[in-house]
Amino acid sequence: MADETTLPADAPVPDEIERSVLIDASAERVFAVVREPGWFINDGEYREHTITTDGTVTRVEDPVHGVFQIAIEANEPPNRVRFRWLGGGLGEISDAPNNTVEFIIDPAGAASRNQVRLTVRERGFARLGLDEDVRRRNYLENLEGWEQELQVAKDLAEKGKPGAAEQPTGE
């Protein structure tokens, strides 16, 4: 998908959002931020979540937005993690259509600098089965939201996650 910041009213809702940001930190440090299921559930400011795991499904409880079911589909430290989640919906992950959210960390800049490009790809808007107006609203909200969330990831990686040291990337 092209990297537009808006969606013309007569255009169909794309299936994917893709956004990137440059971060002055190592891939390991950025991965330590984005590997946490649901870290991106917030309003542009990181907050702790209650996280419990049952098999392949993680339950993320956000104090503002409620409970989300998230599955880790790919975990490739320190370069990639992909989650499947009920984007904007509540309930069990198996009960509803869902989106995938993938974070890719690529080296950027000179080898002497710790700088990476963090890219987020959210896919699955076409599968949500909602009417076109609801899909459009969800898409546009998430399009704007990823700008905020990438800034949160950048701040956490560059300045440090509150109350936590860099964690190992292996599972």
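Just so you know, all these numbers are worked out from the coordinates, no wet-lab data involved. Since the model is a prediction, treat every value here as computed from it, not as a measurement. Note that we place each Cβ from the backbone using ideal geometry, even for glycine, and neighbour counts take in every protein chain shown.
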For residue 65 and residue 22, extending 7 Å from Cα along the Cα-Cβ vector and measuring point to point gives, in nm, a value of 2.8 nm
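Find the relative contact order for region 16-159 and round it to a whole percent, using C-alpha pairs within less than 8 Å whose residues are 6+ positions apart.
It comes to 32 percent, rounded to a whole number.
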Here region 33-44 yields Karplus 3J(HN,Hα) values (6.51, -1.76, 1.60; θ = phi - 60°; whole Hz; Gly and Pro given as x) of 7, 7, 6, 6, x, x, 3, 7, 8, 5, 10, x
For region 16-159, inverting the pair-averaged 1/r of distinct alpha-carbon atoms gives a Kirkwood value in Å of 15.5 Å
Summed over the other residues with a beta carbon less than 13 angstrom from that of residue 141, with K and R at +1 and D and E at -1, the charge totals -3
Taking a label point 7 Å from the Cα of residue 73 along Cα-to-Cβ, the residues of region 113-135 whose backbone nitrogen sits under 15 Å from it are 120-129
